[in-house]
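Undergrad: To start, I am sharing the structure in question, which I have written as structure tokens.
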Amino acid sequence: MTGSQGTARTVARRTVVAAVGGAGLTVALTACGGSDDTVQTGSDKPAGDGGAAGSGGVAGGTVIAKTADIPEGGGKVVGDVVITQPVAGEFKAFSSKCTHQGCAVKDIANGTINCPCHNSQFDASDGSVKAGPATAPLPPTSITVEGDSIKLA
């Protein structure tokens, strides 16, 4: 192999590496970048009607859960919203995104909303931080309870 052949291969490899890196960067920026779609937050995008996960966003006023689905002293994650019932008949709702790094909280037990990523814990009655690393409370989400239906306000 002569020196010019080695240079041609190096340039070709560099071109391929640059192209692959550029394509990867494009994908990452597209995934993180904005679009014409409205940004969805926990207050306006639950997971569908009747609490069925994965059915997409719904408008306010749509039933997201039934009161019987939310245990007293516990709660349930419904899409981007976590609904709790700290005491009988009192329902609260918060964003299901942990304020530490945005992971979705997973369960509600013993009066706390628990994040599985870094073990942050939030009070189920007001969303305040009970254990870090999170330092900010879960933002509240407006809901209404009509009969046995829980709806976004």
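Undergrad: Conditions first: (1) closer than 14 Å to Val77 by Cα; (2) out of contact with any Lys or Arg (no Cβ under 7 Å at 6 or more places or on another chain); (3) of a type in the set (Val, Ile, Thr). Val145 passes all but one, so which condition is the exception?
TA: With respect to (1) closer than 14 Å to Val77 by Cα; (2) out of contact with any Lys or Arg (no Cβ under 7 Å at 6 or more places or on another chain); (3) of a type in the set (Val, Ile, Thr), Val145 is out only on (1).
Undergrad: Same structure, new question: Could you check the stretch 116-151 and list, in sequence order, the residues that are in a loop (DSSP other than H, G, I, E, B), of a type in the set (A, V, I, L, M, F, W, C) and surrounded by 14 or more Cβ atoms within 10 Å (Cβ to Cβ)?
TA: Answer for the stretch 116-151, where residues must be in a loop (DSSP other than H, G, I, E, B), of a type in the set (A, V, I, L, M, F, W, C) and surrounded by 14 or more Cβ atoms within 10 Å (Cβ to Cβ): Cys117, Ala124, Ala134, Leu138.
Undergrad: What number goes with the only condition from (1) over 15 Å from the mean Cα position of the chain (by Cα); (2) open to solvent by 60 Å² or more (accessible area, probe 1.4 Å); (3) at pLDDT 90 or above; (4) not β-branched (Val, Ile, Thr) that Lys97 does not pass?
TA: (1)
Undergrad: Would a scan of the stretch 48-58 turn up a residue that is part of a loop (DSSP other than H, G, I, E, B), at pLDDT 90 or above and touching a strand residue (DSSP E or B) at 6+ places or on another chain (Cβ under 9 Å)?
TA: Checked the stretch 48-58: no residue is part of a loop (DSSP other than H, G, I, E, B), at pLDDT 90 or above and touching a strand residue (DSSP E or B) at 6+ places or on another chain (Cβ under 9 Å).
Undergrad: Among (1) over 14 Å from Val77 (Cα atoms); (2) not in a loop (DSSP other than H, G, I, E, B), where does Ile113 come up short?
TA: Of the numbered conditions (1) over 14 Å from Val77 (Cα atoms); (2) not in a loop (DSSP other than H, G, I, E, B), the odd one out for Ile113 is (1).
Undergrad: Condition check: surrounded by 19 or more Cβ atoms within 10 Å (Cβ to Cβ) and under 12 Å from Ile150 (Cα atoms). Does Val81 satisfy that?
TA: yes
The values are calculated or read from the model by the stated rules, or taken from the named source; none is laboratory data. Note that this is a predicted model, so its numbers are computed, not measured. A quick note on method: Cβ atoms are made from the backbone with ideal geometry, for glycine too, and the neighbour counts reach across all protein chains shown. With ligands, DNA and RNA removed, areas are computed over all heavy atoms of the protein, side chains included. Shrake-Rupley method; radii C 1.70, N 1.55, O 1.52, S 1.80 Å.
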